[in-house]
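Here the structure comes first, spelled out in structure tokens, and everything after it is commentary.
The values are calculated or read from the model by the stated rules, or taken from the named source; none is laboratory data. Because the structure is a prediction, the values reported are computed rather than measured. Glycine also receives a Cβ, built like all others from the backbone with ideal geometry; neighbour counts cover every protein chain displayed. Ligands, DNA and RNA are stripped out before the accessible areas are found, and what is left, the full protein with its side chains, is counted by its heavy atoms. Shrake-Rupley method; radii C 1.70, N 1.55, O 1.52, S 1.80 Å.
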Amino acid sequence: MTQSVALFDDRPFFEKAVAYGMQHGVLDQAKLDAIQTDAPKGMVQIARYFGSEYLRPELEKAKDRIVNMVSLTLQIQSGGDLRKAAEQLREHSFMSRSKAASDMLKALIVMPQNTHFGMNEQGGFSDKHIPQLAKWSLCNLADYQAELAKRQQVAHVIDAAIWMADQLGLHADDLVEAGCDAEAVIRTALLAAATQHKEMPDWVTFQKIVATLRKPSATQNIKLAAPKNLPAEFKAAVAQVQQSVEADLPKILDAKLTPQKLFNQTPAFVGRYFWTEDALSEVDHFDRQTSAEWAKATGGHSDDSSLLTLFLCIASSSKGQTMLTEKTATSLIRKIRKSGVQPELAKVFIQTNAPIEHQEGYLAMWASFLDEALDTLQTDHDYKLHDALSLLKRECNVAD
């Protein structure tokens with residue numbers, strides 16, 4: 001039985017290319033002499049760059065580095081074809097092939113490793129990266145290609161996020177300042193597109209987006225899709241993030257979870273979506289919400305009698321009213337004598353809904369009223385309710 005034996009050639013690719021070039025007449029003696037002249041010069045330069053050209057171990061390592069870097073350039077540019085590699089050596093200087101690899105490695109080192117905008121360095125290669133270059137200058141082609149593919153994928157996600165944010169009126173510098181995840185930006189941009197929003201949302205608008213998605217008319221027709229004009233190089237990255245949004249939809253559409261609870265208090269969702277910080281908008285939204293609740297409860301009345309009537313009803317767990325008939329006032333007194341008063345209920349209502357600038361005054365008015373009225377309202381001695389009813393007619397709103 002005939003067996004074939006494959007010979008393993010572990011020589012650096014540069015040496016293989018030189019041998020091929022000599023054997024097949026691609027490289028002449030003049031080119032070989034030029035390589036022999038340039039190589040020692042290059043070794044000294046590299047030894048000096050990474051350490052010292054005066055130490056033999058540094059020079060030995062420099063020899064390994066320059067041969068390895070020239071091999072990387074030749075392998076990448078020739079696709080592993082020895083003839084093409086030999087032709088590269090013929091057409092270009094030895095030192096230029098080393099520099100080409102150095103430039104590729106420097107570009108690799110400064111590529112982002114993380115899709116979080118706040119965790120990547122800004123600017124290009126600098127002296128602080130030299131130790132990394134020392135390591136990568138000895139890497140093999142497979143390690144370089146694997147790392148390049150990984151970092152290119154990260155870069156595509158970041159660039160896709162920047163592109164989509166720009167479509168919604170937000171600059172890349174804003175994302176860096178916010179220190180957010182690129183995937184979070186893409187997720188929010190997809191939700192914004194699905195609800196026809198044209199700007200990157202702040203927290204208030206983001207809540208509106210969620211509310212829109214939760215409408216019965218929208219829930220069955222949600223269409224998550226990348227923008228039609230999305231550059232081709234970003235489509236794979238966006239498609240992958242889109243899958244994660246689709247997986248999130250059941251929770252996003254769950255009306256039992258408020259946006260605050262889901263996106264700011266659920267660990268798996270904290271930071272998973274992005275919105276701009278607009279403190280003025282949030283304060284304005286809060287003011288409008290509290291104003292609406294306050295206006296609804298008070299009926300637009302701001303006089304002390306109306307407000308004390310409302311506070312007393314709330315504190316006794318009765319329907320909030322700013323005007324009582326004599327009959328409802330009597331029923332309120334009886335309820336107070338049976339179940340008591342919980343002043344904190346009214347206090348919490350004031351702190352939650354009253355205009356901020358008036359809260360202190362309303363709390364003081366409520367406390368003063370309680371000091372004067374509580375004994376009269378709760379005492380059993382006034383069994384006909386005359387004193388308590390008179391007090392309510394004097395301090396609150398009781399129609400005759």
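Taking residue 208 as the residue in question, decide whether it is among the charged types (D, E, K, R) and outside any helix (DSSP H, G or I). Walk me through how you get there before you give the answer.
Working: among the charged types (D, E, K, R): yes; outside any helix (DSSP H, G or I): no.
The answer is no for residue 208.
In the stretch 221-245, which residues are open to solvent by 30 Å² or more (accessible area, probe 1.4 Å) and in a helix (DSSP H, G or I)?
Passing the criteria: 232, 233, 235, 236, 239, 240, 242, 243.
Considering only residues of the stretch 273-319 that are among the aromatic types (Phe, Trp, Tyr) and modelled with pLDDT of 90 or more, which is nearest to residue 245 (Cα to Cα)?
So in the stretch 273-319, the residues among the aromatic types (Phe, Trp, Tyr) come out as 273-275, 286, 294, 311.
Adding the requirement that they be modelled with pLDDT of 90 or more leaves 273-275, 311.
Numbers: 273: 10, 274: 13, 275: 15, 311: 45 Å.
Among those residues, the one meeting the criterion is 273.
With respect to residue 183, is the statement that it is open to solvent by 50 Å² or more (accessible area, probe 1.4 Å), of a type in the set (D, E, K, R) and either outside any helix (DSSP H, G or I) or at pLDDT 95 or above (or both) true?
Details: open to solvent by 50 Å² or more (accessible area, probe 1.4 Å): no; of a type in the set (D, E, K, R): yes; either outside any helix (DSSP H, G or I) or at pLDDT 95 or above (or both): yes.
No.
So which residues in the stretch 374-390 are of a type outside the set (D, E, K, R), surrounded by 14 or more Cβ atoms within 10 Å (Cβ to Cβ) and farther than 15 Å from residue 311 by Cα, if there are any at all?
So in the stretch 374-390, the residues of a type outside the set (D, E, K, R) come out as 374, 376-379, 381, 383, 385-386, 388-390.
Still in the list and also surrounded by 14 or more Cβ atoms within 10 Å (Cβ to Cβ): 374, 376-378, 385, 388-389.
Hits for the stretch 374-390 are 376, 378, 385, 388, 389.
Keeping to the stretch 355-373, report how many residues are buried (at least 18 other Cβ atoms within 10 Å of the Cβ) and touching a residue at least 60 places away in the same chain (Cβ under 8 Å).
Looking only at that region, the number is 1.
Sort out which residues of the stretch 380-398 are without any contact (Cβ under 8 Å) to a residue 40 or more places away in the chain and either of a type in the set (A, V, I, L, M) or farther than 20 Å from residue 301 by Cα (or both), and write them in order of number.
Selection gives 381, 382, 383, 384, 386, 387, 390, 391.
Looking at 99, 150, which is the one that is open to solvent by 40 Å² or more (accessible area, probe 1.4 Å) and either among the polar types (S, T, N, Q) or more than 35 Å from the chain's Cα centre (by Cα) (or both)? I'd like the intermediate steps shown before the answer.
Numbers: 150 fails: either among the polar types (S, T, N, Q) or more than 35 Å from the chain's Cα centre (by Cα) (or both).
It is 99.
For the stretch 303-400, which fully contained helices (runs of 4 or more DSSP H) count at least 3 residues that are more than 55 Å from the chain's Cα centre (by Cα) and within 18 Å of residue 293 (Cβ to Cβ)?
On the way: elements: 304-315, 326-339, 343-353, 356-378, 386-395.
Correct list: empty, since no element meets the threshold.
Taking the stretch 186-220, which residues are of a type in the set (S, T, N, Q) and crowded, with 21+ Cβ neighbours inside 10 Å? I'd like the intermediate steps shown before the answer.
Going residue by residue through the stretch 186-220, those that are of a type in the set (S, T, N, Q) are 188, 195-196, 205, 207, 212, 217, 219-220.
Matches in the stretch 186-220: 188 only.
With the condition kept exactly as written, say whether any residue in the stretch 57-77 is farther than 19 Å from residue 134 by Cβ, surrounded by 14 or more Cβ atoms within 10 Å (Cβ to Cβ) and either without any contact (Cβ under 8 Å) to a residue 60 or more places away in the chain or of a type in the set (D, E, K, R) (or both). Steps first, answer last, please.
First, the residues of the stretch 57-77 that are farther than 19 Å from residue 134 by Cβ: 74-77.
Then keep just the ones that are surrounded by 14 or more Cβ atoms within 10 Å (Cβ to Cβ); that gives 74-77.
Adding the requirement that they be either without any contact (Cβ under 8 Å) to a residue 60 or more places away in the chain or of a type in the set (D, E, K, R) (or both) leaves 77.
Yes; the residues of the stretch 57-77 include at least one that is farther than 19 Å from residue 134 by Cβ, surrounded by 14 or more Cβ atoms within 10 Å (Cβ to Cβ) and either without any contact (Cβ under 8 Å) to a residue 60 or more places away in the chain or of a type in the set (D, E, K, R) (or both).
Select from the stretch 246-262 the residues that are surrounded by 13 or more Cβ atoms within 10 Å (Cβ to Cβ), of a type in the set (A, V, I, L, M, F, W, C) and in a helix (DSSP H, G or I) and list them in ascending order.
Result: 249, 252, 262.
Consider the stretch 153-173. How many of its residues are part of a helix (DSSP H, G or I) and buried (at least 16 other Cβ atoms within 10 Å of the Cβ)?
So in the stretch 153-173, the residues part of a helix (DSSP H, G or I) come out as 153-167, 172-173.
Those left that are additionally buried (at least 16 other Cβ atoms within 10 Å of the Cβ): 154-165, 167.
Residues that pass the stated criteria total 13.
Taking residue 53 as meeting all but one of (1) farther than 18 Å from residue 93 by Cβ; (2) open to solvent by 50 Å² or more (accessible area, probe 1.4 Å), write down the number of the exception.
Exception for residue 53: condition (2).
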